[in-house]
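Undergrad: Got a structure for you, questions after.
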Amino acid sequence: MMKRDGHIHTPFCPHGSRDTLEEYITKAINNNFSEITFTEHAPLPKGFIDPTPEQDSGMSLAQLTPYFEQLQKLKAKYKEQIIINIGLEVDYIVGFEQQTRDFLNSVGHLLDDAILSVHFLQHDNAYTCIDFSDEVYLHFAEQVGGIAQMYQLYYDTVKQSILADLGPYKPKRIGHPTLIHKFQLAHNETIDDHAQIHAVLQLMKEHHYELDFNSAGLSKTFCQEPYPNYEYAAYAKQLGIPIIFGSDAHTANDLHQHFQTLQQKLLF
Ligand code: ZN
Ligand code: FE
């Protein structure tokens, strides 16, 4: 069984830890992983103002060259022991498709692998980072008219991300497509989003995207399930969508978090 972790952050993440790239790599080798992808948050598109308090959702453009250079060196250094893919987690932001396409066209040739994720939702010409905190999430739900409306907006945005023309280097994998569940235990509503999740997965299948089966949610107090949960991951598998485990680690300690659990549930 080939062990792969396709979603890993790095010291280049401004909201992450300073754990070194080599700490992640050595841990992956020691745990018999044969392939990993570093997917740092790409610089946010030109002109986009990061709504988070520290404006630290993505790495700065100035860090991009050192990021690629360090990974290229380590990829070569460890090539006998592990496949290291150089990647990015790219944000899909409604209204910034052109800038995102331009960015991907400029760096795409340096990428082995990448993830396309929705973290920002647009409402009334403003953007909110919905996975920032339970307060931000609940406040945003109020702004859009309720929890169900917020879920709808999230899934609509994920669908747009699947359909968006981001050029030849558009990522092939959709990141954590149920991230809107991150604070599901912080609201007291029962939301039936079954049909919406099925529709997202069907669209991914139709357009040949891979699934980032992301374990980070299991460790989040208000989530307690992976993104997507086992039921929907099983549905993705049934559809024939390639399923790529992702720990979404922002520390070496979290690397491969819950790998065994997810693997046992799904046998990917
Ligand atoms: Zn992050
Ligand atoms: Fe993400």
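The values are calculated or read from the model by the stated rules, or taken from the named source; none is laboratory data. A quick note: this is a predicted structure, and the numbers were derived from the prediction, not measured. When we count neighbours, we look across all protein chains shown, and the Cβ atoms used for this are built from the backbone with ideal geometry, even at glycine. The area values use the complete protein model at the heavy-atom level, side chains included, leaving out ligands, DNA and RNA. Shrake-Rupley method; radii C 1.70, N 1.55, O 1.52, S 1.80 Å.
Undergrad: Can you tell me how many residues within the stretch 158-196 are in contact with a His (Cβ under 8 Å, 6 or more places away or on another chain), assigned to a helix (DSSP H, G or I) and farther than 16 Å from residue 215 by Cα?
TA: Residues that pass the stated criteria total 2.
Undergrad: Hey, among the residues in the stretch 6-25 that are within 11 Å of ligand 1 (Cβ to nearest atom) and of a type in the set (Gly, Ala, Ser), which one's nearest to residue 253 (Cα to Cα)?
TA: Ranking the candidates gives 17 first.
Undergrad: Residues in the stretch 172-188 that are more than 26 Å from residue 241 (Cβ to Cβ) and either crowded, with 23+ Cβ neighbours inside 10 Å or at pLDDT 95 or above (or both): how many? Before you say what the answer is, go through the steps one by one.
TA: Looking only at the stretch 172-188, we keep the residues that are more than 26 Å from residue 241 (Cβ to Cβ), and these are 185-188.
Cutting the leftovers down to either crowded, with 23+ Cβ neighbours inside 10 Å or at pLDDT 95 or above (or both) gives us 185-187.
Of the residues in the stretch 172-188, 3 are more than 26 Å from residue 241 (Cβ to Cβ) and either crowded, with 23+ Cβ neighbours inside 10 Å or at pLDDT 95 or above (or both).
Undergrad: Given the structure, is residue 98 farther than 29 Å from residue 234 by Cα and at pLDDT 95 or above?
TA: Taking the combined requirement at face value, the residue satisfies it.
Undergrad: In the stretch 97-127, which residue that is open to solvent by less than 50 Å² (accessible area, probe 1.4 Å) and in a loop (DSSP other than H, G, I, E, B) is farthest from residue 58 (Cα to Cα)?
TA: Within the stretch 97-127, the match that is farthest from residue 58 (Cα to Cα) is 111.
Undergrad: Based on this model, can you work out whether residue 167 counts as within 16 Å of ligand 1 (Cβ to nearest atom) and either modelled with pLDDT of 95 or more or over 12 Å from residue 243 (Cα atoms) (or both)? Please lay out each step first, then the result.
TA: Numbers: within 16 Å of ligand 1 (Cβ to nearest atom): no; either modelled with pLDDT of 95 or more or over 12 Å from residue 243 (Cα atoms) (or both): yes.
When the stated conditions are applied, residue 167 does not pass them.
Undergrad: Might you check whether a residue that is in a loop (DSSP other than H, G, I, E, B) and at negative phi occurs anywhere in the stretch 138-153?
TA: Keep residues of the stretch 138-153 that are in a loop (DSSP other than H, G, I, E, B), which gives 145-146.
Then keep just the ones that are at negative phi; that gives none.
Looking for residues that are in a loop (DSSP other than H, G, I, E, B) and at negative phi, one finds none in the stretch 138-153, hence no.
Undergrad: Considering 28, 62, 76, 42, which residue is away from ligand 1 (no atom under 13 Å from the Cβ) and under 27 Å from residue 164 (Cα atoms)?
TA: Checking each option against the conditions leaves just 62.
Undergrad: With the requirement that a residue be out of contact with any Cys (no Cβ under 9 Å at 6 or more places or on another chain), of a type outside the set (S, T, N, Q) and open to solvent by 20 Å² or more (accessible area, probe 1.4 Å), what does the stretch 128-144 give you?
TA: Those that are out of contact with any Cys (no Cβ under 9 Å at 6 or more places or on another chain), of a type outside the set (S, T, N, Q) and open to solvent by 20 Å² or more (accessible area, probe 1.4 Å): 131, 132, 134, 135, 138, 139, 142, 144.
Undergrad: Here is a follow-up. Residues that are open to solvent by less than 70 Å² (accessible area, probe 1.4 Å), under 23 Å from residue 134 (Cα atoms) and small (Gly, Ala, Ser): list the strands (runs of 3 or more DSSP E) wholly contained in the stretch 1-96 that include at least 3 such residues.
TA: none
Undergrad: Kindly list the number of the only condition in (1) within 16 Å of ligand 1 (Cβ to nearest atom); (2) in a strand (DSSP E or B) that fails for residue 245.
TA: (1)
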